[in-house]
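J.: Before I ask anything, let me first share the structure, which is written out below as structure tokens.
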Amino acid sequence: MRAFSAVLTGAVLMVGLPACAGDGASTQTTTAESVQLTTVTEGLEHPWGLAFLPDGDALVTERPGRLSRVNMATGQRTVIQGVPAVAARGQGGMLDVALHPRFADNGRVYLSYSEPGNDGSLTAVGRGVLRDDRLESFEVIFRATPPTDRAKHFGSRLIFDDQGYLFITSGERGARDNAQRLESHHGKIIRLHDDGRVPEDNPFLSRQGAHPGIYSYGHRNPQGAIFHPPTGQLWVNEHGPQGGDEVNIVKPGANYGWPLTTYGEEYGGGYIGPGTMEGIEPPIHHWTPSIAPSGMLYYDGDAFPQWRGNIFVGALAHAHLSRLVLDGETVVEEEKLLEEQGWRIRAVDQGPEGHIYVLVDSDDAPLVRISPAR
Ligand SMILES: [Ca+2]
């Protein structure tokens with residue numbers, strides 16, 4: 001505990017957010033805010049998902065296969081037992097964690113991960129009951145088929161809506177044509193009941209050969225998801241190829257275009273398709289060049305009143321935290337925060353007191369609290 005106190009003291013930084021260089025009409029500096037960055041815990045190995053528990057602790061996943069409870073006051077971590085084995089290879093491993101909307105009553109914790117198998121790995125989602133730092137009665141409720149030995153583009157963000165439906169963002173696993181094929185779970189948004197059953201009003205139930213869990217298609221590698229409170233709609237972000245990272249508003253049955261449309265190009269250059277096309281749902285925002293967007297947050301806390309209603313997106317390749325200012329469903333301003341830190345940001349979430357938390361992606365990574373400078 002003493003060591004953690006020292007770490008905490010040494011890690012408190014005062015950071016004035018720098019004016020950001022404009023690289024497009026949508027980028028401008030709007031905030032002269034100063035924030036305090038505090039390392040809550042460190043030494044995490046490629047952390048991926050973050051979920052706050054009702055008691056103020058948080059659950060954090062690490063890609064090699066761990067789920068831990070973090071005491072947010074002391075930084076002390078306790079490894080949760082009873083988690084499934086994962087195929088920790090490439091971009092795969094233990095990925096997201098989410099709590100059931102009625103976690104306080106049922107203790108249910110959901111995990112997405114790459115499940116090992118004879119034919120490679122597949123993105124699986126399962127749930128267990130958290131009891132005394134152990135996940136009990138773990139059961140798989142979804143598998144994104146078919147399995148593949150390509151260890152990338154898992155997607156895997158988990159989010160519940162206010163009716164208790166579970167949405168799973170599923171990447172195309174590096175085989176782009178999968179995204180347009182309704183016989184594949186890859187490159188899709190999936191919508192299920194909390195036990196994995198398919199809702200009776202999913203859009204492709206009557207389509208011959210289509211997987212009934214599919215809610216939308218034509219996605220590449222969606223790794224961030226929020227429910228936009230003013231509209232109740234699901235918003236996701238997804239990695240484009242070279243350029244063409246997107247924010248999309250997810251509508252049932254809609255086609256989001258990959259690989260028929262993209263604002264990006266082949267790695268190293270080369271035409272893939274037009275940015276928009278009849279019958280394709282266009283992104284409401286896109287980044288070219290790519291920032292490699294991962295976790296996403298709709299901020300509605302009290303700690304940063306002028307950021308209420310903004311969307312935050314963690315950027316991996318272009319290491320920063322993107323703050324998007326909205327006018328309705330239009331992004332009108334963007335600010336790049338924490339560029340000086342150079343962090344690949346995997347996840348971003350809002351804590352109970354309205355502070356913002358980010359998970360950094362590296363083999364020796366911190367969980368960082370962003371709070372107002374005092
Ligand atoms: Ca698209």
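J.: Rounding to the nearest 20 debye, state how big the charge dipole of the chain is about its Cα centre with +1 on each Lys and Arg Cβ and -1 on each Asp and Glu Cβ.
T.: Roughly 700 debye for the chain.
J.: Over the Cα atoms of the chain, how large are the radius of gyration and the largest Cα-Cα distance (Dmax), in Å?
T.: Using the Cα atoms of the chain, the pair Rg, Dmax is 19.6, 62 Å.
J.: Rounded to the nearest 0.05, what FRET efficiency do Q36 and E183 have when you use their Cβ-Cβ distance and R0 = 45 Å? Walk me through the numbers on the way to the answer.
T.: On the way: r = 50 Å, r/R0 = 1.12.
Rounded to the nearest 0.05, the efficiency is 0.35.
J.: Whole-Hz ³J(HN,Hα) for each residue in the range 162-179, computed from phi via Karplus 6.51 cos²θ - 1.76 cosθ + 1.60 with θ = phi - 60°, x for glycine and proline: what do you get?
T.: Working through the residues one at a time gives 6, 9, x, 6, 9, 10, 10, 8, 10, x, 8, 6, x, 10, 4, 5, 4, 4 Hz.
J.: Only counting other Cβ atoms within 10 Å, I'd like K251, K188, K336 sorted with the fewest neighbours first.
T.: Numbers: K251 15, K188 29, K336 20.
Ordered from fewest to most neighbouring Cβ atoms within 10 Å, K251, K188, K336 come out as K251, K336, K188.
J.: If one computes the Cα centroid of the range 303-359 and of the range 180-245, what distance in Å separates the two points?
T.: 23 Å
J.: I need to check one value: relative contact order of the chain, counting alpha carbon pairs closer than 8 Å and at least 6 residues apart, in percent.
T.: 14 percent
J.: Right, next: Which one of Q208, A315, G56 is farthest out on the positive end of the charge dipole of the range 2-372, using unit charges on Cβ (Lys, Arg +1; Asp, Glu -1) and the Cα centre as origin?
T.: About the Cα centre, the residue reaching furthest to the positive side is Q208.
J.: Let me ask something else about it. Ranked highest first by average number of other Cβ atoms within 10 Å, how do 322-335, 253-266 line up? Don't skip to the answer; put the middle values down first.
T.: Details: 322-335: 17.3, 253-266: 21.0.
Highest-to-lowest ranking by the protection proxy: 253-266, 322-335.
J.: Still on this structure: Distance between the C-alpha centers of the range 274-290 and the range 57-83? Whole Å please.
T.: Their Cα centres are 37 Å away from one another.
J.: Residue by residue through the range 314-319, which ³J(HN,Hα) values in whole Hz follow from phi under the Karplus form 6.51 cos²θ - 1.76 cosθ + 1.60 (θ = phi - 60°), with glycine and proline marked x?
T.: My calculation for the range 314-319 gives x, 10, 8, 5, 9, 3 Hz in order.
J.: Cross-link candidates for K251: which lysines have Cα within less than 22 Å, leaving aside residues fewer than 8 places away along the same chain?
T.: K188
J.: Right, here's the next one. Please compute the contact order of the range 273-374 in relative form: average sequence separation of alpha-carbon pairs under 8 Å and at least six residues apart, divided by the residue count, as a percent. Show your work: numbers first, answer last.
T.: Working: 206 pairs, mean separation 22.1, N = 102.
After rounding, I find 22 percent.
J.: Once R0 is set to 41 Å, what does the formula 1/(1 + (r/R0)^6) return for the Cβ-Cβ distance between D149 and R374, expressed as a FRET efficiency to the nearest 0.05? Numbers along the way, then the final one.
T.: On the way: r = 51 Å, r/R0 = 1.25.
Computed FRET efficiency for D149 and R374: 0.20.
J.: Can you tell me the dipole magnitude for the range 127-250 around its Cα centre, using point charges on the Cβ only (Lys, Arg +1; Asp, Glu -1), in Debye to the nearest 20?
T.: 420 debye
J.: Relative to the Cα centre, what is the charge dipole magnitude of the range 187-297, using +1 at the beta carbon of each Lys and Arg, -1 at the beta carbon of each Asp and Glu, and rounding to the nearest 20 debye?
T.: Once rounded to the nearest 20, the dipole reads 160 debye.
J.: Something else about it: Starting at the first residue of the range 152-161, write each ³J(HN,Hα) from the Karplus equation 6.51 cos²θ - 1.76 cosθ + 1.60 with θ = phi - 60°, in whole Hz, x for Gly and Pro.
T.: Listing the rounded values in order: 8, 6, 7, x, 5, 6, 10, 8, 9, 8 Hz.
We did not get these values from a lab; they are worked out from the coordinates using the rules stated. This structure is a prediction, so every number in the text was calculated from the model and none was measured. Note: ideal-geometry Cβ built from the backbone for every residue, glycine included; neighbour counts use all protein chains shown.
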